[in-house]
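The next block holds one structure in the form of structure tokens; read it before the comments.
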Amino acid sequence: MTDPRVTLAGVEFAGPAFTASGCAAAGRELAGFFDLTQIGGVVTKSIMVRPRSGRPTPRMVETPSGMLNSIGLQGPGIESFLANDLPWLAEHGVAAFVSIAGETVEDYAKLARILRNEPAVKAIEVNISCPNVESRGQVFACDVMSASSVVHQVRRNTNSSVPVFAKLSPDVTSIAEIALACHNAGADGLSVINTTLGMAIDPDTLRPVLGGVTGGLSGPAIWPMAVRCVWQVHQVLPDLPILGMGGIATGADALQFIAAGASAVSVGTMTFHDPCAPLRVQQELLGLLDAHGFAKVADAVGIAHRGGLS
Ligand code: RRO
């Protein structure tokens, strides 16, 4: 059997599939469906310095093969996260991949400083690509200088043993350019991709459906774009671990991400339909890797760049 363990930037995880940020809160709700210690870990909903109520409702719309969300970074804030969520993950032996988000570079630095003293944090995902913010200027991942500043500040305020992954947006001209900038600023890995900006208009009222007007598109509709982004990032940074995500519903989908250059995957939107999706996708992926004769996941990473199976 293919060894399920993966090592991302020096840290070992139990499996190659993770939850995706924003689709499973901090893991608790999924624990009734499957054993969270069996997957790579839980990537938490992005946590901010202060509690936040998010954008006006409605916040979700179903779309062909996907959905739009306009949550707007709703969350309890870092104090509550440290009092309730992180201890729960630690007590249950679940690997905590903590996602952080801020309105300013200093917010990110502050969150990193606070998390520095928390041994339960196995890795940090720096969410610089939330589409549901007040201004596009706050989507740090759309600008080389902004992305670099955030990553630099988080990296310098985080323990060297804890990898820092930057989460990228597909809504840029060159994702490779942003990836290189994040790498140069100290990112140990990249999460590829966040949702892409979309919008729906009600055909009866002819008004935007979402309270926040625009929202992030996710689900199977976006996997071809996500695979392309993983491919382009791996092409310029073949040694940097990528956590690949975007519309993964099956092990075969996940395998495409691995072949394009991802070292592990996150399963998000599919969890709303099938709460066991992260574990099911992992089992299906490992079955496919085994059928192809791969002893470990790493042997298949980026194989599409090397001519595929011989
Ligand atoms: O909370 C959100 O609205 C949200 C976030 Br933080 C994100 O990173 N991506 C997304 O589609 N929605």
- Message: On the Cα set of the stretch 200-310, report Rg and Dmax in Å, please.
- Response: 16.5, 56
- Task: Determine the distance separating the Cα centre of the stretch 175-216 from the Cα centre of the stretch 253-301; give it in Å without decimals.
- Result: 23 Å
- Query: Among LEU89, ASN132, VAL267, which residue has its Cα positioned farthest towards the positive end of the charge dipole of the chain, with +1 placed on the Cβ of Lys and Arg, -1 on the Cβ of Asp and Glu, and the dipole taken about the Cα centre?
  - Reply: ASN132
- Under 15 Å from the Cβ of LEU309, count the other residues' Cβ atoms, weight Lys and Arg +1, Asp and Glu -1, and hand me the total. -1
- Counting other C-beta atoms within 10 Å, which of CYS182, CYS229, CYS23, CYS130 has the fewest, and how do the rest follow? CYS23, CYS130, CYS229, CYS182
- Item | FRET E, pair GLU79, SER160, Förster distance 22 Å, beta-carbon r, rounded to 0.05 | 0.30
- Query: If you count the DSSP beta bridges with both ends in the stretch 1-71, what percent of them are antiparallel, to the nearest 5?
  - Reply: 90 percent
- Query: How much of the DSSP beta bridge set in the chain is antiparallel, as a percent to the nearest 5?
  - Reply: 40 percent
- Message: Just want the ordering: GLU284, GLU125, GLU62, from fewest to most Cβ atoms lying within 10 Å of their own Cβ.
- Response: GLU62, GLU284, GLU125
- Query: Once the dipole of the stretch 1-115 is set up with Lys and Arg at +1 and Asp and Glu at -1 on Cβ about the Cα centre, which of PHE33, THR57, SER99 lies farthest towards its positive end?
  - Reply: THR57
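Rule-based calculations on the coordinates, nothing more; no lab input. All figures in this text were calculated on a predicted structure; none of them were measured in a lab. Cβ coordinates were reconstructed from backbone atoms using ideal geometry, including for glycine residues, and neighbour counts include every protein chain displayed.
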